[in-house]
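The structure appears right after this line, and notes come after that.
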Amino acid sequence: MIKLRRTTYYLVLHLIVGVCALTSCIEEYNADISAEDSNLLVVEGTICAEQQNKFYLTRTQALNSSASPQSVMGARVSVRGSDGSEYLAQISLGYYACQIGQLNPDVSYYLHIETDGETYESEPQKPLRTEKIANIRGVQNTPTSNIDVLVTPADPFEPSEPNYYMWTYDETWQVYPEYMTTMYYDTEKKEPVYISNPFPWYGWMDAAGSTTTVCASTSYDNQHIKNLKIYDIGRDNVRMFHRYSGLVHQRAISKAEYEYELARRQASTEMGGLFTPLPSALPTNIHCLTSNKHVIGFIGCSMNTSDYRFFLNGSEYAIIHPAGTDTRKWLVNPTVKDCLDMVSQGMYLCEWVIPEMAEDGMLHTAWASLQQLDVRYRYPGAYIEEPDFWSLQENVSY
């Protein structure tokens, strides 16, 4: 099993190893890198039925380059089948996309690329079926450990043969403001007015998972992977403070794609070393038909992707919440002018403790900023429209 963070995933794809040196040697070692190993085409994507397929085309850059990888523009990209079918991709937001319906399990499919006067194609392959996900659960082994997310695929289609899988995931979690209020200061009446909370009670945030995991079933009984950790969540992470939902995507991959992921993982951990393989040495199933130019990448082909939505409740784990220090601004015996000044500064009234209720017999008021009261300002990117799946009470396999 290997796990690769997405930031490393893209870095490895876009690096060219330059000059390598042994730190224990006096003389520098200059790697002999041919011109053919520079400015290589990098292809990312998967051919998959019943969804929009996205293919990213970029070029390798020098290891010391600070520039972001640039998309290859003006290419002609299509998915083709051995039965003569073709799905033409259109450029959109830096990638090439095409909508593919049903794939024929008896037809071999491949990616066809024409760019810069060259033609590239991936090796034709029949689409692989992917089993459903049987179960996903969150486990905290000790009160001080993170929450591990474990996946168990359904019984494999081929229990007598090795099975290879890739997992990615998306996240949604609930967030709350730092404070809530049931009042505001009326600048015309010059007094507090009690109302229902004028700000959202809570909100949600989304994110794409930061790791991609692949695993082979060869070390499991009956080739059935069980309780494999695909990622974890820190017990002090805001994702676990309340309710969390993950959507895990499982895709069956070929042995060749699995070995490509292993090689890329090795290249990422040994990046810059003397024996680090050049990008052109990575296994690939994409080839240039018009010259001997190397290509980086691997195009898989899947009949389907299996999804599983699960939920975790922070109250069921040993979670570390932020310290409960009161960060609101308190004013004692404020004048009307003081209150008006607070409103003009963009502060909102949270507490109005009358003298009869205070130990010192004085008026106490608490004020908070928009960032403390509105979850959308506290967590940039948060939204308040409830996701359509949030009302689910049980995990769902798609």
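Is it the case that Tyr202 is in contact (Cβ under 8 Å) with a residue 60 or more places away in the chain, of a type in the set (Phe, Trp, Tyr) and farther than 23 Å from His224 by Cα? Criteria met by Tyr202.
Table: residues versus (1) within 25 Å of the chain's Cα centre (by Cα); (2) open to solvent by less than 30 Å² (accessible area, probe 1.4 Å).
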{"site": "Ile47", "(1), (2)": "yes, yes"}
{"site": "Tyr95", "(1), (2)": "yes, yes"}
{"site": "Leu103", "(1), (2)": "no, yes"}
{"site": "Ser108", "(1), (2)": "no, yes"}
{"site": "Asp116", "(1), (2)": "no, no"}
{"site": "Leu128", "(1), (2)": "yes, no"}
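Which members of region 74-93 meet the condition of being among the aliphatic types (A, V, I, L, M) and either farther than 24 Å from Lys255 by Cβ or surrounded by fewer than 15 Cβ atoms within 10 Å (Cβ to Cβ) (or both)? Scanning region 74-93 gives Ala75, Val77, Leu88, Ala89, Ile91, Leu93.
If the condition is being modelled with pLDDT under 70, surrounded by fewer than 14 Cβ atoms within 10 Å (Cβ to Cβ) and not aliphatic (A, V, I, L, M), then region 27-45 contributes Glu27, Glu28, Tyr29, Asn30, Asp32, Ser34, Glu36.
Could you say which residue among Tyr179, Tyr169 is surrounded by 15 or more Cβ atoms within 10 Å (Cβ to Cβ) and part of a strand (DSSP E or B)? It is Tyr169. Per the conditions (1) under 30 Å from Asp232 (Cα atoms); (2) touching a His at 6+ places or on another chain (Cβ under 8 Å), the sole criterion not satisfied by Ser78 is (1). When Glu359, Glu351 are checked against the criterion of being out of contact with any strand residue (DSSP E or B) (no Cβ under 9 Å at 6 or more places or on another chain) and more than 30 Å from Leu247 (Cβ to Cβ), Glu359 stands alone in meeting it.
Kindly indicate whether any position in region 163-172 is of a type in the set (Ser, Thr, Tyr), more than 17 Å from His249 (Cα to Cα) and in contact (Cβ under 8 Å) with a residue 12 or more places away in the chain. No, that holds for no residue.
Scan region 117-163 for residues that are over 30 Å from Leu289 (Cα atoms) and part of a strand (DSSP E or B) and the total you get is 14. Within this structure, Pro69 fails the test of being open to solvent by 30 Å² or more (accessible area, probe 1.4 Å), closer than 14 Å to Ser302 by Cβ and part of a loop (DSSP other than H, G, I, E, B). Of the helices (runs of 4 or more DSSP H) lying entirely inside region 302-398, those containing at least 1 residues that are closer than 30 Å to Ala207 by Cβ are 370-373, 375-378. Listed by first and then second residue, the pairs linking a residue in region 336-364 that is on the phi > 0 side of the Ramachandran plot to a residue that is modelled with pLDDT of 95 or more and among the aliphatic types (A, V, I, L, M), with Cβ atoms under 9 Å apart and 6 or more places separating them unless they lie on different chains, are Gly346/Leu370.
The values are calculated or read from the model by the stated rules, or taken from the named source; none is laboratory data. Note that the structure is a prediction, hence the values are computed from the model and not measured. Note that each Cβ is placed from the backbone with ideal geometry, even for glycine, and that neighbours are counted across all protein chains shown. Ligands, DNA and RNA are excluded from the accessible area calculation, which covers all protein heavy atoms including side chains. Shrake-Rupley method; radii C 1.70, N 1.55, O 1.52, S 1.80 Å.
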